[in-house]
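What follows is a single structure, written as structure tokens, with notes after it.
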Amino acid sequence: MGYGAMRLAGPQVWGPPRDVDAAIAVLREAVARGVNHIDTSDYYGPHVTNQLIKQALHPYPDGLVIVTKVGARRGADKSWLHALSRQELIDAVHDNLRNLGVAALDVVNLRVGGVAAPSEGPIEEPLTVLAELKHQGLIRHVGLSNVTPTQLAEGQTITEIVCVQNFYNVAHRTDDRFVDDLAVQGIAYVPFFPLGGFQPLQLDAVQAIADRHGATVRQIALAWLLHRSPVMLPIPGTGSVAHLEENVAAAGIELTQEEIDALDDAGE
Ligand SMILES: NC(=O)c1ccc[n+]([C@@H]2O[C@H](COP(=O)([O-])OP(=O)(O)OC[C@H]3O[C@@H](n4cnc5c(N)ncnc54)[C@H](OP(=O)(O)O)[C@@H]3O)[C@@H](O)[C@H]2O)c1
């Protein structure tokens, strides 16, 4: 189970959190509970979540993988805008290096497309910039976010792609075939909005199974993801230590085949 740091920034992912100590406690508790995959971006806040991660965890423990994203920026009105020009990507990588306090970034996802769904189109130009930065030693691995299988195939002609981060959860299953293809290729699939994001999951099938396990709907949704594919790396986001504990504990829930089948049928 990973952890998504977006929720550590203030309301609307803007500015500092109301309680900085609480945000730091969430990050330290995540690592203490064995989370070794933290998803972030320098455009959360902007800069805020990366600075919190550095404050809470630097110097980073061995084995902790911090995955960031470039390709977007925030407008002054808190909007989410593309930032895919050569200079914007170079600046974003340097912002991440500085705010995380590292000499090289473990994984950088190139984020294209929209949040609700990817949109087809060439990614060669921006991805070539990341490949160059990888060649310079500033990035160890490259991933893609909000992409289609066609865009992944194009990306693989430019550089090795280690992960795909797209919108996916038990109720939102547009990527079902993509998930299976990535498992065959041994590429990590990182579902964002694993708990529904800004619209919490509500599925009768999940509730029934949660009741049977004495678990919450969110825990069953996370457990289903982990059962769904060996390459699935969920990154549930929270600003609460109690919620973090609940989410990490979901990794210990064993679903029966019958329950998995029922959940498989519940999505769309
Ligand atoms: N690539 C992209 O375009 C993209 C887009 C969106 C997100 N992301 C990444 O994906 C990560 C996950 O997405 P997300 O945080 O938006 O959505 P999420 O994990 O689906 O849901 C987070 C929401 O659920 C609540 N929550 C979490 N655990 C809970 C629990 N145990 N009980 C009750 N409520 C709980 C959180 O509130 P509390 O804070 O109150 O717990 C928050 O409102 C982000 O942190 C970010 O790193 C990537």
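Miscellaneous remarks
- Helix-derived mean residue ellipticity, 222 nm - over the chain, DSSP H n ≥ 4, -39500 (n - 2.57), to 500: -12500 deg cm²/dmol
- The length gained by stretching the chain between A32 and Q87 to full extension, at 0.36 nm per residue less their Cα-Cα distance, is 16.1 nm.
- Each residue of the range 6-13 was assigned a 3J(HN,Hα) from its phi angle through the Karplus curve 6.51 cos²θ - 1.76 cosθ + 1.60 (θ = phi - 60°); the sequence is 3, 6, 6, 6, x, x, 6, 6 Hz, with glycine and proline shown as x.
- Antiparallel %, DSSP beta bridges [both residues in the range 120-263], to 5: 10
- With a cut-off of 10 Å between beta carbons, the residues surrounding V13 carry a summed charge of +3, where Lys and Arg count +1 and Asp and Glu -1.
- Just checking the listed ones, R111, R212, R73: in the Gaussian network model of the chain with Cα springs under 10 Å, the one fluctuating most is R212.
- A straight line joining the Cα centroids of the range 157-208 and the range 1-55 runs 21 Å.
- Near Q136: Cβ cut-off under 15 Å, other residues only, Lys/Arg at +1 and Asp/Glu at -1. The net charge is +1.
- A 1.4 Å probe run over the range 148-268, with the rest of the protein chains in place, finds 46 Å² accessible per residue.
- Shape of the chain, Cα gyration tensor, a/c cut at 1.5: oblate
- Carbon/sulfur fraction of accessible area - the chain, other protein chains in place, 1.4 Å, %: 51
- FRET efficiency estimate (nearest 0.05) - Cβ-Cβ, V20 to A103, R0 25 angstrom: 0.45
- Global geometry of the range 143-253, whether rounded, prolate or oblate, following the gyration tensor of its Cα atoms and the 1.5 cut on a/c: prolate
- Long-range amide H partners of F192 with built H, under 5 Å: N166, F167, Y168
- For the range 1-133, share of DSSP beta bridges that run antiparallel, in % to the nearest 5: 25
- Inter-probe distance in nm under a simple model that places probes 7 Å from Cα toward Cβ, at A251 and H94: 3.6
- In this view, the solvent-accessible surface of R140, computed with a 1.4 Å probe and all protein chains in place, comes to about 120 Å².
- In Å², nearest 10: area of K54 left accessible to a 1.4 Å probe: 80
- For the range 1-43, accessible area per residue (1.4 Å probe, heavy atoms of protein chains only), Å²: 42
- Extended-chain gain in nm, criterion 0.36 nm per residue less alpha-carbon gap, S229 and W80: 50.6 nm
- Taking a ≥ b ≥ c as the square roots of the eigenvalues of the alpha carbon gyration tensor, the range 1-91 is oblate, as a/c is not under 1.5 and a/b does not beat b/c.
- Taking Cα centre as origin and charging only the Cβ of basic (Lys, Arg, +1) and acidic (Asp, Glu, -1) residues, the dipole magnitude of the chain rounds to 940 debye.
- Here the contact order of the range 1-122, divided by its residue count and restricted to Cα pairs under 8 Å and six or more residues apart, works out to 23 percent.
- For the chain, the share of DSSP beta bridges that are antiparallel, to the nearest 5, is 15%.
- In this structure, the amide hydrogen of M232, modeled 1.01 Å from its nitrogen in the peptide plane, lies closer than 5 angstrom to those of Y189, counting only residues at least 5 positions away or on a different chain.
The values are calculated or read from the model by the stated rules, or taken from the named source; none is laboratory data. Please read all numbers here as calculations on a predicted model, not as lab measurements. Please note: Cβ atoms are built from the backbone with ideal geometry, for glycine as well, and neighbour counts cover all protein chains shown. Just the protein is used for accessible areas: all its heavy atoms, side chains included, with ligands, DNA and RNA removed. Shrake-Rupley method; radii C 1.70, N 1.55, O 1.52, S 1.80 Å.
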